[in-house]
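Peer 1: Here it is: the structure, laid out below.
The values are calculated or read from the model by the stated rules, or taken from the named source; none is laboratory data. These figures come from a predicted structure and were not determined experimentally. Virtual Cβ from ideal backbone geometry, glycine too; neighbours counted across all protein chains shown. Heads up: the accessible areas ignore ligands, DNA and RNA and are worked out on the full protein's heavy atoms, side chains in. Shrake-Rupley method; radii C 1.70, N 1.55, O 1.52, S 1.80 Å.
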Amino acid sequence: MPYISTQDKHLTVLNLFTTDKPENQDQLIQEMRKIVDTAAFDGWISSTVHAGQDSPGTANFIQWRSGEDLEKRYAGEEFKHRTLPVFQDITTSIRLLQSEIVYTQRHPSQGEATEVSPDRDDHTVIEIFKVSPGNQDELIAELGEGQSWLVDVEGYRSHSVFKGLRARFLDGPFAVVYSQWASKESYDAHRRQPSAQQSEARQKSQARIDALKTESDWNSYRVIHSRAAAGA
């Protein structure tokens with residue numbers, strides 16, 4: 001199964017799809033599984049499919065050897081004339097995000113590595129932050145080191161920060177936070193905690209994030225399928 005690690009030099013890609021109907025989510029998952037189960041692209045390392053929980057949609061966490069390998073995939077006739085049109089027909093939005101892993105943190109109970117696997121029971125949350133040019137690194141620092149207080153939050157397992165490199169269907173600099181929680185209930189309790197009840201560290205960090213970001217959105221997911229290239 002894939003791991004999230006700053007030591008890996010893979011290109012990390014998050015393909016995020018939203019849709020307006022649960023049945024379209026089911027179709028999205030079917031189409032994604034077809035691609036993942038037959039993938040043999042040069043430079044492809046692994047793909048892990050996530051099903052939307054709070055809102056209909058999917059996410060695919062993909063590892064590639066390099067951006068050049070990914071661009072060859074995008075330039076292929078199959079991607080341009082079959083894959084992309086199929087997804088455009090059943091989605092309300094598509095974002096294909098290329099990034100690098102710049103920070104990881106885990107609760108001490110979670111061991112030495114952040115694993116992404118359908119064999120785990122994580123409630124996974126993916127947050128996208130858009131940011132003005134020049135503020136990306138500061139925002140990433142606040143989303144990473146600035147969130148050290150999370151280890152004291154009930155149900156917290158891990159969070160990782162991805163620095164946006166380039167994207168399709170998303171303009172401008174961005175960052176991604178990929179977090180794992182013990183349950184939807186624990187995450188919802190954390191997210192909905194009134195500001196007056198939050199720790200001073202959290203309030204200070206959130207104020208800085210709010211000042212730096214220009215837009216943000218999120219969804220929660222369950223990991224449902226994963227496959228890696230032979231020898232990966």
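Peer 1: Which value results when the Cα radius of gyration for the range 69-136 is divided by 2.2 N^0.38 Å? Mind showing how you got there, number by number?
Peer 2: Working: Rg = 17.1 Å, N = 68, 2.2 N^0.38 = 10.9 Å.
Dividing the Cα radius of gyration by 2.2 N^0.38 Å gives 1.56.
Peer 1: Can you tell which of L96, W44, G57 lies farthest toward the positive end of the dipole of the range 32-101, using +1 and -1 charges on the Cβ of basic and acidic side chains (Lys, Arg; Asp, Glu)?
Peer 2: G57
Peer 1: With a point put 7 Å past each Cα toward its Cβ, work out how far Q110 is from T92 in nm, to one decimal.
Peer 2: It is 2.9 nm.
Peer 1: Let me ask you something else. If you count only protein heavy atoms with a 1.4 Å probe, what accessible area per residue comes out for the chain, rounded to a whole Å²?
Peer 2: Details: 11150 Å² over 232 residues.
Here the per-residue accessible area is 48 Å².
Peer 1: K9 label point, 7 Å along Cα→Cβ, cut-off 15 Å on backbone N: hits in the range 45-74?
Peer 2: Residues passing the 15 Å test: 64-69.
Peer 1: Report, in debye and to the nearest 20, how large the dipole of the chain comes out about its Cα centre when Lys and Arg carry +1 and Asp and Glu carry -1 on their Cβ. Could the numbers behind the result be given before it?
Peer 2: On the way: 26 positive and 34 negative charges, 40 e Å.
Its charge dipole is roughly 200 debye.
Peer 1: What residue among S205, S148, S195 shows peak mean-square fluctuation when the chain is described by a Gaussian network model with Cα springs under 10 Å?
Peer 2: Looking only at S205, S148, S195, the biggest GNM fluctuation is shown by S195.
Peer 1: How many lysine pairs in the range 3-222, separated by 8 or more positions in sequence or lying on different chains, have Cα atoms less than 24 Å apart?
Peer 2: 15
Peer 1: Further question on the same structure: Given I209, S132, V153, which one lies farthest toward the positive end of the charge dipole of the range 3-222, if we put +1 on the Cβ of every Lys and Arg and -1 on the Cβ of every Asp and Glu?
Peer 2: The Cα lying farthest towards the positive end belongs to S132.
Peer 1: Okay, next question. Which is the longest part of the chain that has none of the GluC sites (Glu not before Pro) sitting in a DSSP loop with at most 14 other Cβ atoms within 10 Å?
Peer 2: Details: sites that count: E112, E154.
Counting only loop sites that pass the neighbour cut-off, the longest clear stretch is 1-111.
Peer 1: What ranking do 24-30, 225-231 get when scored by the average of other Cβ atoms within 10 Å per residue, highest first?
Peer 2: Numbers: 24-30: 17.6, 225-231: 13.4.
The most tightly packed comes first, giving 24-30, 225-231.
Peer 1: Can you list the equivalent-ellipsoid semi-axes of the range 3-222, largest first and in whole Å, using the square root of 5 times each Cα gyration tensor eigenvalue?
Peer 2: On the way: eigenvalues 165, 72, 61 Å².
With the √(5λ) rule applied to the range 3-222, the semi-axes are 29, 19, 17 Å.
Peer 1: What residue among A75, A167, A201 shows peak mean-square fluctuation when the chain is described by a Gaussian network model with Cα springs under 10 Å?
Peer 2: A75
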